[in-house]
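Note sheet for the following structure.
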Amino acid sequence: MAKKFFCPLLLLLLLPESFSADNPTDRRLLILVDDLTIRSSHSLFFKSLESRGYSLEFRLADDPKISLQRYGHYLYDGLVIFSPSVQRFGGSLDQAAVLDFVDAGHDLILAADSSASDLIRGIASDSGVDFDEDAEAVVIDHVSYAVSETDGEHTLIAADDFIQSDVILGEKRIEAPVLFRGIGHSVNPSNTLALKVLSASPSAYSASPRAKLSSPSLTGSTIALVSVVQARNNARMLITGSLDLFTNRFLRSSVWKAGSSNKYEKSGNEQFVTEISKWVFHERGHLKAVNMTHHFVGEKTEPAVYRINDDLEYSIEIYEWSGTSWKPYVADDVQVQFYMMSPYVLKTLSTNLMGLYSTSFKVPDVYGVFQFKVEYQRLGYTSLSLSKQIPVRPYRHNEYERFIPAAFPYYGASFSTMAGFFIFTIVYLYNK
Amino acid sequence: MPGRGIIILLALIWSSLSICTASVVRPISEAHRSAALELFVPFDGSFGSLEDIYAAFRTLEILGLEKTQDVSDVACESVVDKLGSPSSTAKDLFYALKVNSILRCQAETIKFEEIASKLQTVLKSASSLPDFYYSIGSLLLIKNQGFEVLLSDAAGAFQSIKAFSQSDGRWRYDSSSAESSTYAAGMALEALAGVVSIADSEVDKSMIGVVKNDIVKLFDSIKSYSDGTLYFDDKYVHTNDYRSPLEISASVIRGVTAFAEVASGRVNIPGNKVLGVAKFFLSLGVPGTSKDLFHQIEALSCLENNRIYIPLIISLPATVLSLTSRDQLKVDVTSVFGVPAPPLTVKLLQAINSNSDGKPNIENQELYFDQENSIHYLDIASLKVDVGKYNLIFEASLHDPVAEKKYATGGRTSFSAFFTGSIQIDQAELEILNSDGDSIETIESLDLSKDSSLSLSANHLQTFRLSFQPTTPLGHAFKPHQVFLKLRHETNVEHIFLIESSARQYKLTLDFLGFVEKFYYLSGKYDIELFVGDAIMENSFLRTLGLVELDLPEPPEKAPQAPPQPIDPYLRYGPKAEIRHIFRSPEKRPPKELSLAFFALIFLPLLGFLIGLVRLGVNLKLFPSSPGPVAFSLLFHTGIASVLLLYGLFWLKLDLFTTLKILSFLGIFLVFIGHQTLSRLASTSAKVKSS
């Protein structure tokens, strides 16, 4: 009996730790590695995660006991795959299970390198990101490489073509280039969910440095070095072809991009991986919209129906998760649509800087069933898609204008005829 | 099939003979020191458990770093506490004594004799390897403090530990466990070394010989990485007792070096294996966890001074050398901690350009020694070598023949290095040829040291030709890795053409007729970009040459469509244009004044009617005079007036139903009254007529 009570209690204790609508930051991460030495060689990255309150669980990728869920509940909120060469995951985990995990709204970091297996490539391509098919190919850049006394092949790249997005990479600009060594990938142009966060320079190409070049499949800025995917369910993924990007060595290394006069004491990697992991694990850019209300101008209560040409006020509150609490979201581009088959009114909302967005407009002179729609999709933010149905009716018969001046002559005609009739009856009956 | 066997055999022989190209490992450096200071940060004034305290102090001690006094005081407190406590286990005592051996806490408060006798009893009842390891280790530490320690049955203890050993050189933790482990081997060897150093005379010399054989067997099971570094590893069953190769190798090295220290005679391990293990520790770079750093540093400190072989690391501070800035080829020969090696000569046996067919470019060149920086160097620029990727093979030979037995240099060591230089590009020309193939429409000579802005035009019957000639500083033909031309249409559709080399010249000929389909029949401006780059080319470039205006034929039906280009994400997510509803415009109405004017006018006929009546001289002579008919007449006309008034009210405010209801009553009343009134009037008028 005591046990029965104990278990739900334990669950209750665990629950606040995990990802939820009220607390959208991941807490429990499973880290799959090829070799447990990664724990030591990538310790700075893991330490930064731990210091932000994540609980990390390291497993060898072929550990037969790995499972992501138990009794239909996921055991983890995020998955970090740092095992590029694994051919088959251990336990019940496979490519489909990883994708199901993401489909269930969980987050994924996938880092590959030149030894990337078909399994890893498969997970990436199912996420809309294709690694170079040539297994030997790595990203080479003979113009913007990182000057190094020990790497002569120009496969160590100093990349600084970042996506311009404060929400993904943080407000502080990343000054120093990011060191990258690994394989490149491309993002399908028709894929609207994947974004290149770090692109190669125009002079880069993806090829094997040891073999003669034969038609490189990826060249120039189309090569993505680091990409993120935000699925429709707001699950986030980070995909990169460089596991070295996260190493202590790269995080601590100095960087000097060839041809540049600036030598940096420290590469941009630490800032980059910290900031982007904040984004991936929903410490930033996670929006929620609450209290969507509308009412007549000057009133407070929400009517059940509007009449055409009414003036109404619309408001919504939007908050952003800061990792610990919900903070008012401030932007000047939140728009509301008054929608029936197509938008009749599309208006930018004005904000009071405390999270409240509002506007007022006149209901169009078309009746039918309308919706207030907020479709807010911004680079790096979770998408907001809300709608609220509201019917709009035409004027009732007695709501039209009475006593139209233009009709006065007609009224006058009727009444003068009536007066004439009255007089005529008297005259006709009593005249002699 | 036999042929295949021979090939495999040859390959095996070759692989055993060939010298592994070592990745560059560098000795312990400042980076380790700063990492140690970062990793060993006391939390609440302490490093944690005594084991962690030991790891921290030991690492700091080996690296020659200062330890703060208050942390030492806190550590000493717990050492004294642990040593005085009767409940301390052998393991606790072991680490407490180890910390004490570094910090030298107040010795007078510690009763070493008592601890020693306690440990003796532990040793007597010991049944597993860790028991032996900790108790013997602790006794040895007490002995090192200057106290007399006597093992009652040293030979017996030696035998008991030896009993755990397996035929493959590994050890078991206790007699009942089936698993044998390499990590345990390290512990066992350290324990055995402890027994020997406490009670040397009692141990049978032949037993030491047997253990030496075990060590050799242990080294036979060593594993190797592809870069030639060697390490020890265990098969493990559970993740909880997982030990990393680093930890296992460190344990073995600690045990083996400790045993070699006390055992008489040499332990017969090849120098290459010791060197390989040393390289393994160094190849880890700077570990990211305090445990790993401790294991790395401690194992290397054991190797730094041991009686088997002291590894000397040959390393190149730089493997990318610029011929333009006349970089020197520098070779560092140091111990694992960066201490300069004893006098030796480094010889560059061979330097083979990877492009040449195996013929060495430099042979048997002795490196100069710079006493001041204790570095060996060679001025490669003066040797007239060309740019390229070279395979360098070095050999270090110690001057002192006695030292040969003490140090392991690993014989030949091979590195790959890049000699970079500036590549000159001459005779760069861009031509547009007419369809006959001979007559030249346009010819432009290019200066590839800067961007150009050519403006060419061509149609699909013409041919585009680009040629240039790259040469190395020594005037040889050079074949860069990346040579391609990119044509980019205004719509961002790109086409890449690899440029092939023929003899010394690179030439690209594009017959547009053959490319019409590939170009998706897209006429218009194409940007021309030329990429020439190579790992050893210092002036790799990406040049914009200008643009060519292509005039291609109209696409036929079913022509392939250009692939979609990615949409700019910044544009895709921007706010949409606002939409305002356009309301239906109100009906046109005449001005109010006009309506009112007509309203007034409409009453004119009534007025005319009234004036007419007056003019006609109407009278009301027929109006009854007797009270009954008067009442009926008045009621009748009031009824008519009320109906009309009802109409007026209907217009003003009443709805149809109310109006009809009232009207029905009024109607019935009016019919009755009207009938009465009219019949009375009719009879009156009939009377008048008849009269």
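The values are calculated or read from the model by the stated rules, or taken from the named source; none is laboratory data. Remember, predicted model here, so these are calculated numbers, not experimental data. Virtual Cβ from ideal backbone geometry, glycine too; neighbours counted across all protein chains shown.
Computed quantities for the displayed model
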item: Test: residue in segment A:215-228 that is crowded, with 24+ Cβ neighbours inside 10 Å and either at positive phi or in a loop (DSSP other than H, G, I, E, B) (or both); result: yes
item: Segment B:458-505 - residue that is among the hydroxyl-bearing types (Ser, Thr, Tyr) and free of Cβ contacts under 8 Å to residues at least 40 places away in the same chain and, of those, farthest from the other protein chains (Cβ to nearest Cβ); result: B:SER502
item: Qualifying residue in segment A:381-396 (condition: at the interface with chain B (Cβ under 7 Å from one of its Cβ atoms) and either surrounded by 15 or more Cβ atoms within 10 Å (Cβ to Cβ) or part of a strand (DSSP E or B) (or both)); result: no
item: Hits in segment A:372-393 - residues which are more than 19 Å from the chain's Cα centre (by Cα) and among the basic types (Lys, Arg); result: A:LYS388, A:ARG393
item: First in segment B:433-452 and of a type in the set (Phe, Trp, Tyr), second anywhere and surrounded by 15 or more Cβ atoms within 10 Å (Cβ to Cβ), Cβ under 6 Å, 6 or more apart; result: none
item: Those helices (runs of 4 or more DSSP H) lying entirely in segment B:30-104 with at least 1 residues touching a residue at least 24 places away in the same chain (Cβ under 8 Å), away from chain A (no Cβ under 14 Å) and buried (at least 17 other Cβ atoms within 10 Å of the Cβ); result: B:50-62, B:69-84, B:90-103
item: Condition met for B:PHE609 (assigned to a helix (DSSP H, G or I) and more than 10 Å from every other protein chain (Cβ to nearest Cβ)); result: no
item: Segment B:243-279 - residue that is part of a helix (DSSP H, G or I), away from chain A (no Cβ under 14 Å) and among the polar types (S, T, N, Q) and, of those, farthest from B:VAL333 (Cα to Cα); result: B:SER251
item: Any hit, segment A:325-343, residues being at positive phi and of a type in the set (A, V, I, L, M, F, W, C); result: yes
item: Odd one out for B:GLY169, checked against (1) part of a helix (DSSP H, G or I); (2) at positive phi; result: (1)
item: Some residue of segment A:92-111 being touching a strand residue (DSSP E or B) at 6+ places or on another chain (Cβ under 7 Å) and within 14 Å of another protein chain (Cβ to nearest Cβ); result: no
item: Number of the condition not met by B:GLY410 [criteria: (1) touching a residue at least 12 places away in the same chain (Cβ under 8 Å); (2) crowded, with 16+ Cβ neighbours inside 10 Å; (3) on the phi < 0 side of the Ramachandran plot]; result: (3)
item: Single match in A:VAL336, A:VAL366 (criterion: closer than 19 Å to A:ILE390 by Cα, out of contact with any Leu (no Cβ under 9 Å at 6 or more places or on another chain) and in contact (Cβ under 8 Å) with a residue 12 or more places away in the chain); result: A:VAL366
item: Where a residue in segment A:257-275 is under 18 Å from A:THR155 (Cβ atoms) and in the same structural domain as A:LEU179 (by TED's automatic domain parsing) and its partner, wherever it lies, is assigned to a helix (DSSP H, G or I) and of a type in the set (Lys, Arg), with Cβ under 7 Å and at least six apart; result: none
item: Close pairs (6 angstrom Cβ cut-off, 6 or more residues apart or separate chains): buried (at least 19 other Cβ atoms within 10 Å of the Cβ) in segment A:281-293, acidic (Asp, Glu) and in a strand (DSSP E or B) anywhere; result: A:PHE281/A:ASP107; A:LEU287/A:GLU320
item: Sole exception among (1) within 30 Å of the chain's Cα centre (by Cα); (2) closer than 22 Å to B:SER397 by Cβ; (3) not charged (D, E, K, R) for B:ASN306, by number; result: (1)
item: Hits in segment B:445-455 - residues which are modelled with pLDDT under 85, over 17 Å from B:GLN505 (Cβ atoms) and in a strand (DSSP E or B); result: B:LEU454
item: Residue list for segment A:185-214, filter: in a loop (DSSP other than H, G, I, E, B) and within 23 Å of A:THR274 (Cβ to Cβ); result: A:ALA200
item: Residue match in segment A:94-101 (condition: of a type in the set (A, V, I, L, M), closer than 18 Å to A:SER227 by Cα and surrounded by fewer than 22 Cβ atoms within 10 Å (Cβ to Cβ)); result: yes
item: Flag if B:PRO624 is exposed (fewer than 13 other Cβ atoms within 10 Å of the Cβ), touching a residue at least 60 places away in the same chain (Cβ under 8 Å) and more than 7 Å from every other protein chain (Cβ to nearest Cβ); result: no
item: Any chance A:GLU302 is farther than 25 Å from B:GLY285 by Cα, away from chain B (no Cβ under 14 Å) and in contact (Cβ under 8 Å) with a residue 12 or more places away in the chain; result: no
item: Filter result for the condition that a residue is of a type in the set (A, V, I, L, M), touching a Phe, Trp or Tyr at 6+ places or on another chain (Cβ under 7 Å) and not in a helix (DSSP H, G or I), over B:LEU596, B:LEU620; result: B:LEU620
item: Options B:LEU645, B:LEU654; residue that is farther than 26 Å from A:LYS432 by Cβ, out of contact with any strand residue (DSSP E or B) (no Cβ under 9 Å at 6 or more places or on another chain) and modelled with pLDDT under 90; result: B:LEU654
item: Which numbered condition B:LEU316 fails, given (1) over 30 Å from A:ASP151 (Cβ atoms); (2) within 14 Å of another protein chain (Cβ to nearest Cβ); (3) in contact with a strand residue (DSSP E or B) (Cβ under 6 Å, 6 or more places away or on another chain); result: (1)
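Each row is one residue, and each column tells you yes or no for (1) surrounded by 14 or more Cβ atoms within 10 Å (Cβ to Cβ); (2) in a loop (DSSP other than H, G, I, E, B); (3) touching a His at 6+ places or on another chain (Cβ under 6 Å).
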| position | (1), (2), (3) |
| --- | --- |
| A:GLU50 | no, no, no |
| A:LEU56 | yes, no, no |
| A:LYS65 | no, yes, no |
| A:TYR76 | yes, yes, no |
| A:VAL80 | yes, no, no |
| A:SER85 | yes, yes, no |
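Yes or no, residue by residue, for (1) charged (D, E, K, R); (2) more than 30 Å from the chain's Cα centre (by Cα):
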{"position": "A:THR247", "(1), (2)": "no, no"}
{"position": "A:SER253", "(1), (2)": "no, yes"}
{"position": "A:ALA258", "(1), (2)": "no, yes"}
{"position": "A:LYS263", "(1), (2)": "yes, yes"}
{"position": "A:SER267", "(1), (2)": "no, no"}
{"position": "A:GLN271", "(1), (2)": "no, no"}
{"position": "A:GLU275", "(1), (2)": "yes, no"}
{"position": "A:PHE281", "(1), (2)": "no, no"}
{"position": "A:ARG284", "(1), (2)": "yes, no"}
